[in-house]
1. Which lysines, on any chain, are close to LYS94 with Cα under 29 Å apart, when same-chain ones fewer than 8 places away are left out?
2. Mind giving me the nanometre distance, one decimal, between the label points for GLU70 and LEU143, set 7 Å out from Cα along Cα→Cβ?
3. Using 0.36 nm per residue of separation minus the Cα-Cα distance, give me the extension gain between LEU101 and ASN156 in nm, one decimal.
4. Which whole-Hz couplings ³J(HN,Hα) result when phi for each residue of region 167-173 is put into the Karplus expression 6.51 cos²θ - 1.76 cosθ + 1.60, θ = phi - 60°, listed in order with x for Gly and Pro?
5. Using 0.36 nm per residue of separation minus the Cα-Cα distance, give me the extension gain between LYS94 and GLU79 in nm, one decimal.
6. Using only alpha carbon pairs under 8 Å that are at least six residues apart, calculate the relative contact order of region 119-171 and give it in whole percent.
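All of the numbers you see were taken from the coordinates with simple rules; none came from a lab. In this text the structure is predicted, and so the values were computed from the model without any measurement. Because the Cβ atoms are built from the backbone with ideal geometry, glycine has one as well, and the counts that use them run over all protein chains shown.
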Amino acid sequence: MIRTFMFLMLGILYMSAHAQDTLKTMELPEFIAEAKRNADYEKRYQKLVRDVKRVLPYAKVAGFRFQLLEQNLQLLPTEKAKKEYLKRTEEAIKEQFMDDLMGLTLSQGKLLIKLIHRETGKDTYTLLKQYRGGLTAMYWQGLAKVFNADLHNEYNPVEDWQIEQIIAGLAME
């Protein structure tokens, strides 16, 4: 009986100590709340929402394709078979997505670079270098620099909190 009472008391103490944690609400920091009242901020934010909606599906496909590529390459016995598989995969991706990707704006292209890192865990330059070689990666990096972009750009959920917030919101829709 005393043992049951002690367990009951410990349970009540534990629940009361953690009850505050479950009842807390999160308020937006003042600078975010203030920014949301700013028309320019709202316009830029809505553009970011549109861009994320446009680009996220491509990044998701890239992440899926990357995983599939990694798995399939491990199954192939020779370097020749791996090179042939990479060549066929690249051709299929170009055929399926090149027209759509050429229609992206500069800001959408930069966002895609970040989201590919988010989905694959590797920056775009590293992926190009790994699968197409260093010279090809340098070529595309040079071309990206002409457009003020960087294939080394990585996704950081802290710095890119707005993007993360948008993606979380899209997942709930």
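1. Cα-Cα hits under 29 Å: LYS47, LYS53, LYS60, LYS80, LYS82, LYS83, LYS110, LYS114, LYS122, LYS129, LYS145.
2. 2.6 nm
3. Working: separation 55, 0.36 × 55 = 19.80 nm, distance 2.30 nm.
Gain in length upon complete extension: 17.5 nm.
4. My calculation for region 167-173 gives 5, 4, x, 5, 5, 7, 6 Hz in order.
5. Additional length available on full extension: 3.2 nm.
6. Numbers: 28 pairs, mean separation 16.6, N = 53.
Reported as a whole number, the value is 31 percent.
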